[in-house]
Amino acid sequence: MDHAFTRRLCSREVNFHYPEQFSYQSYIDGDLLQRFRLEHELNGHTGCVNCLDWNQNGRLLASGSDDTNIILWDPFSHKALNTIQTGHHGNIFSVKFMPHTNDKVVATGAADCHVFIHDVNYSEKMNSYTCNSRVKRLVSSPASPDNLWSASEDGMIREFDIRQPARTGARVIIDLTQMCGPDAECKCLAINPIHTHLLAVGANDPYVRLYDRRMIRDAPQSPPQYGQKRKDNFHYSSHACASYFIPGHLRHKQKEYRRKMRYLCSTYVAFSPLGNELLVNIGGEQVYLFDIYNRQKALFQPSITTPNKSKKSSLKNGSIKLPMPSHGDCPHSSKGTNGISSTLPQIDLGDMAQKAAPTLSPEVERLKDKANELFGKQQFSAAIMVYNAAINLASKSSVLYGNRAAAYIKRAWDGDMYAALRDCNNALVYNTEHIKAHFRLVRCLFELHWLKEAQSCLAEFKQKYPSYAKSRACSALEKDIKSALKSPKKSDKDAHEEESFCEEEKLLQVQAYDYLQRYCGHCNTTTDIKEANFLGSAGQYIIAGSDDGSFFVWEKKTANLVRVMHADDSIVNCLQPHPFTCLLATSGIDYLVRLWSPMGGDACDDRTVLETENAAAANQKRMNTDPLETMLLSMGIRTVDSGEEPGDGIPCSTS
């Protein structure tokens, strides 16, 4: 037990007004997290439990299921207080307590395209609203207790005034079909808990859209059919009210993934308790964290073609941009042009004499040596976790960034190559003479299929370091790049989808901001309601469900995996932390709701997954498994694994 916790414990005993503050500050820490155990299983549903919601004071838990019922639970006595037969004719995907109603009003959204408002006391329906497709998520806000928002697969975000009947109480505020074409679907949404005018929307693509509701004009109640021109100049989204976020590599990966029968979509979005960060669980990929105020610019600026020739675009050509870190601790910033050569950080070498190799503390040196040793043993995931901890203590060390980039390249999980590119950039920011980082940057560009930029960057590398120009690794990489440039491009069968995007949508996607942090280990390919959430009063930890029946816990600031718990016999979809105490509710394919909390050392601990790295690696393989192989595995038929691992032909030894 740490000393800070002991002091807070003593203050609670002598300060009458301190207990609530103590509970908030001591919500979760590393020790409590390691003592997480299964507290109880709530049994009452006869179908998969697809959604959970705590009331404002945390004394009630609502669950919605495929059995079309919602159950209100007392989480502390583990008893069902009320079972409401909702009247839905399809699976319930979302349940929400309406604020400031004394927990007497609950809203549900379901696969039957309806949103129902229920009176808890009388177990009857107060109001109903109709959408054009399945309703996947509902949100409410204490700042607007009479309003409810829905995300549905017709591509629309609707706002309901629950005081009004269906005919007048519903309005469309966002219609993605007018921006992205008729195939757009809304999958999830969230309202910022601090700045409640901010609304985050996830769709059937990897972009997360952040809207300022104050700037959105009312949409017509009956939007025109797709392809028809409007008589007015109405826009569902504009630069005044929308910002887009996407992991920098995914904007180029969508078509490649689609060819592999892998579809990217945002299955859940959540704001941090302070409202400054946005978390998204991307189906078919990883969990990502975005800073919505200190926004990260993407390293690669893709090209954009505008159908309106009279309208000049400042983004005519694709370019690689290698910006300085957005935290502002480096005084220089790079300006992107075509190619990467002119965008590498240009820093006075005289000033770099002291900055190139900052003195590392003994603790950081110990961590670096440990990570290097793990790298030498080819334990790349373990090495990355140790490098993460070291970088958290020494955020300006070019050696640490360069070494972690090497580990990312060797591990080669989804998104690792782009993460390595970011690390190489950081290494060059803090030391422009970091030879390995420069060469690895070329390799990353090549592996990401940014071939012209890779060729340009390699040319600069050869000019700057002529003694390395004729090395075997450099010659091999140059040969690979030239060969790839000469190979014919694959026909783009998905071009019609981009053509269906309006000009404004294309520009917003091009200008989308990059991620702050990435969390790897879980698998999200089977369901489109899989959640990821913040855990802790300040969101110190990140949690997400997985297709392997477990939930994963990461430390937010380092992205290190710290806990894996088996929570379902099939898939964990829902994870909802208690608003004030260290209690977590989970659900999935099982007909149960499970409660988790810290318990004594003698409590049964048969659900902890000890080999966390193996579990993460298995999930990565699962995400990249061919759909046919997945079907065969579900039938108990295993395919032959050749066990071959292609080498990358590049020197990745650590420094």
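Where a number appears in this text, it was derived from the coordinates with a stated rule and is not lab data. As the structure is a computational prediction, the values presented were derived from the model and not from experiment. Glycine gets a Cβ as well: all are built from the backbone with ideal geometry, and neighbour counts include every protein chain shown.
Across the stretch 453-469, computed HN-Hα scalar couplings (Karplus, 6.51 cos²θ - 1.76 cosθ + 1.60, θ = phi - 60°) run 5, 5, 5, 5, 5, 5, 4, 5, 4, 5, 5, 7, 10, x, 5, 9, 5 Hz from first to last residue, x flagging Gly and Pro. State whether the stretch 341-485 is rounded, prolate or oblate according to the following rule on the C-alpha gyration tensor (a ≥ b ≥ c being the square roots of its eigenvalues): a/c under 1.5 gives rounded; otherwise a/b larger than b/c gives prolate, and the remaining case gives oblate. Taking the square roots of the gyration eigenvalues as a ≥ b ≥ c, the stretch 341-485 is oblate. Backbone amide hydrogens, once placed in the peptide plane, bring residue 93 within less than 5 Å of 109, 110, 111, excluding anything fewer than 5 places away on its chain.
What residue among 434, 476, 358 has its Cα farthest toward the positive end of the dipole of the stretch 341-485, where the charges are +1 on Lys, Arg and -1 on Asp, Glu, each on the Cβ? In the stretch 341-485, that residue is 476. The label point for residue 501 and the one for residue 274, both projected 7 Å from the Cα toward the Cβ, are 3.2 nm apart.
Spin-label model, residue 618 to residue 89: label points 7 Å out along the Cα-to-beta-carbon direction sit 4.2 nm apart. Sequence-ordered 3J(HN,Hα) estimates for the stretch 170-179 from the Karplus curve with 6.51, -1.76 and 1.60 and θ = phi - 60° stand at 10, 8, 7, 10, 9, 10, 5, 5, 7, 9 Hz, glycine and proline given as x.
Near residue 127, the amide H atoms lying under 5 Å from its own belong to 117; only residues 5 or more places off or on other chains count, and H is placed 1.01 Å from N.
For residue 607 and residue 11, FRET efficiency with R0 = 60 Å and r from the beta-carbon atoms, rounded to 0.05? That gives a FRET efficiency of 0.95. The phi-based Karplus calculation (6.51 cos²θ - 1.76 cosθ + 1.60; θ = phi - 60°) puts the 3J(HN,Hα) values of the stretch 424-431 at 4, 4, 4, 4, 6, 4, 8, 7 Hz, whole numbers, x for Gly and Pro.
Multiplying the residue separation of residue 412 and residue 104 by 0.36 nm and removing their Cα-Cα distance gives an extension gain of 105.8 nm.
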